[in-house]
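Written out below as structure tokens is the structure these notes cover.
Values in this text are rule-based calculations from the coordinates and carry no lab data. Note that this is a predicted model, so its numbers are computed, not measured. Neighbour counts are summed over all protein chains in view; Cβ atoms, including those assigned to glycine, are modelled from backbone coordinates with ideal geometry.
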């Protein structure tokens, strides 16, 4: 097999990098799997279930209260509602929406004619050449998050790419969310197995996006306030052990904030401050 010349290798090396699209815009028409008569039969069956059979909301008194406040019929934990009313509620949902990513260029649009690809969900096992087939762990999960970030054909990070079985279930969703938010800048899902875990997902996403907005909108003098304060405490003739301790705390908080928030932008080069008493 002939080797490529140096000139051809240089051309490939210097070729302009083309960034991947955050999602695919469909131009082909949708394929109708069912005929109109079959769709009508399915909808009739769904109407019968909602109006006559009912749907059970078990161990969720808040959901039952919400249904009752809006006029649904409640018997125990069974909810029944007119099908036309439920369809009117569904019609209020948007036909498409944008899911924000830590990197704004990777935000995706869900719905409409947009196609978004993501990795698998919930694999209990992982396999590689060194370890073979085994239960998933947090180290393998972090590697899969990184691989998903590097693959341009995957627009979304998903969530449980593999199950990190070495992490307790009570805090597993937090470790997975942290991995998605720090090892990738693509959008991802949140935990849905329990209400408090879903709320944790929303809270962490809100903190992540709020940090991004702060990083974009804050002016340079805001970030220089802790630095100037630290310098003032260091060189002040009235400094004390307490003021030096406060300065140290402020400085390390600033460094930690920049380390956490500066992953999608170029990190700032700050002078080293050694605060000694």
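Here are a few things to note about the model shown:
- Two-site FRET efficiency, residue 63 against residue 182, from Cβ-Cβ distance with R₀ of 45 Å, rounded to 0.05: 0.85
- Taking N as its residue count, the alpha carbon Rg of the range 36-91 over 2.2 N^0.38 Å: 1.21
- Its Cα gyration tensor gives the range 58-193 an equivalent ellipsoid; the semi-axes, largest first and in whole Å, are 36, 22, 12.
- Note on 126, 40: ascending count of other Cβ atoms within 10 Å places them as 40, 126, the fewest first.
- Theoretical FRET efficiency, 1/(1+(r/R0)^6), r = Cβ-Cβ of residue 207 and residue 93, R0 30 Å, to 0.05: 0.65
- Mean Cβ count within 10 Å, highest first, over the residues of peptides 142-152, 69-79: 142-152, 69-79
- A Förster radius of 45 Å, combined with the Cβ-Cβ distance separating residue 125 from residue 84, puts the computed FRET efficiency at roughly 0.45.
- Taking each residue as 0.36 nm, the span from residue 38 to residue 196 lengthens on full extension beyond its C-alpha to C-alpha distance by 52.9 nm.
- Legend: ranking of residues 155, 114 from fewest to most surrounding C-beta atoms inside 10 Å; resulting order 114, 155.
- Most tightly packed first, judged by the mean number of other beta-carbon atoms within 10 Å of their residues, the peptides 201-208, 157-164 read 157-164, 201-208.
- By the beta-carbon count within 10 Å of each Cβ, the least crowded to most crowded order of 125, 141, fewest first, is 125, 141.
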